[in-house]
Amino acid sequence: MKRVVVGLSGGVDSSVAAYLLQQQGYEVIGLFMKNWHDDSVTISNECPWLEDSNDALLVAEKLGIPFQTVDLSEQYQEKIVDYMFSEYEKGRTPNPDVLCNREIKFDVFMKIALSLGADFVATGHYCRKGEIEVEGNKVYQLLAGVDDNKDQSYFLCQLSQEQLSKSLFPIGELTKPEVREIAAQIELVTAEKKDSQGLCFIGKVRLPEFLQQKLQPKEGLIIQIDKNDPVYAYEMQDELTVEEQLLFASRRLPYTPKMGKIMAKHQGAHYFTVGQRKGLNVGGTTDPLFVIATDVETNTIYTGLSSSHPGLFKSALFIEKSEVHWIREDLVLANGETMNVMARIRYRQPLQKAILYQFESGMYISFEEPQSAITEGQFAAWYLNDELIGSGVIS
């Protein structure tokens, strides 16, 4: 009997994952990760870890499996929270869920599981694992979940072959309604429980308040840029190399406060992200205002009217060499090589047709259709059919 440690989160997905593994004949152990202590910044009772750990315990008791809680709050603070603060400070928007999987669940947590003699770690993610042979070597695949509506492969886009080799995703072949049905049939306490929202393991957080612990509020201007501003009337030069054209298409536009009109004041550019509409507190415009750029150096937020404003759209993005990550190491591009892929720049975004271009400096992703709100610090992930093969931090 192979031993599997399941990360029981107190939700329905991981509960059913544990049950299915038990049905398949594995020896199952349930572990709950406690990653957070500070209740002052969570929106109370939305996702308190106490209630979750209690639900996880009840599920373990129902299934008759050993259960314990591990406190990873120190590592979480260091690897996730501190990283978030430093990214926001630089004016970037990090994705803590992707990092949490790479640094906590499939690293720190996995090492604890393996020290307990586990052969595998399992989670309640909606994705699948495949195995193929390439030139005589076993290669692991990260495949999208069968439920298009819930596919969570994107959140695992930073995993390595080593991490995948030790991972199991028992509910990847199921849809959410099927998972709930199984939980109801075996009378699990989590069967009807709402999905948790918000940061991985922290729950719903008031982001500005969360960030204000480290990043001081600082008054600055909200500027509105007209959609007909000359900054958008650029022509691509014919004699540019492919790399120069991509650099041009992915560049930050050179906004200055003089280019637009002052709409209001804000309490800190680092609290805002490209594409954001809520929280600007500017009234009286014909259409909603969207953040099209932030500048933490001058503490300025640039906005545009409506979701079709040209400042929101770009046809390419860049990933620095050190940030390019391939799950499928056998598919790595050499300098000068290209690859046709499907890509997404955020969770739940429908996959977009794109081309990868690898250069000495890093990788460009060029999209067939211009993309709205490409955001620095977020992860772009690329797929071949339903297999996620690589990802990188948008720079």
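The values are calculated or read from the model by the stated rules, or taken from the named source; none is laboratory data. Model, not experiment: these values are computed from the prediction. Note: ideal-geometry Cβ built from the backbone for every residue, glycine included; neighbour counts use all protein chains shown. Accessible surface areas use protein heavy atoms only, side chains included; no ligands, DNA or RNA. Shrake-Rupley method; radii C 1.70, N 1.55, O 1.52, S 1.80 Å.
Assign one of three labels to the stretch 87-238, namely rounded, prolate or oblate, based on the Cα gyration tensor with a ≥ b ≥ c the square roots of its eigenvalues; rounded applies when a/c is under 1.5, prolate when it is not and a/b is larger than b/c, and oblate otherwise. Prolate is the answer for the stretch 87-238, as a/c is 1.5 or above and a/b outweighs b/c.
Ignoring aspartates and glutamates fewer than eight residues from residue 2 along the same chain, the ones with Cα atoms less than 12 angstrom from its Cα are 27, 119. Quantify, in whole percent, the carbon and sulfur part of the accessible surface of the chain (1.4 Å probe; protein heavy atoms only). On the chain, the fraction of accessible area on carbon and sulfur atoms equals 48 percent. Within the straight-line cut-off of under 23 Å between alpha carbons, the lysines reachable from residue 353 are 150, 314, 321, sequence neighbours fewer than 8 places apart in one chain being disregarded. Straight-line reach from residue 258: taking Cα to Cα under 19 Å and skipping same-chain neighbours fewer than 8 places apart, the aspartates and glutamates in range are 219, 226, 229, 295, 297.
Spin-label model, residue 259 to residue 297: label points 7 Å out along the Cα-to-beta-carbon direction sit 1.3 nm apart. Over the residues of the chain, the helix contribution to mean residue ellipticity at 222 nm works out to -5500 deg cm²/dmol, using -39500 (n - 2.57) for each DSSP H run of at least 4. A 1.4 Å probe run over the chain, with the rest of the protein chains in place, finds 47 Å² accessible per residue. By DSSP, the beta bridges lying fully in the chain are antiparallel in about 75 percent of cases. Each Cα pair under 8 Å and six or more residues apart adds its sequence gap; the mean of these over the residue count of the stretch 220-345 is a relative contact order of 30 percent.
Annotation note: GluC sites (Glu not before Pro) in the stretch 87-183 located in DSSP loop regions with a Cβ neighbour count of at most 14 within 10 Å are 135, 173.
Averaging the sequence gap over all C-alpha pairs within less than 8 Å and six or more residues apart, then dividing by the number of residues, gives the chain a relative contact order of 17 percent.
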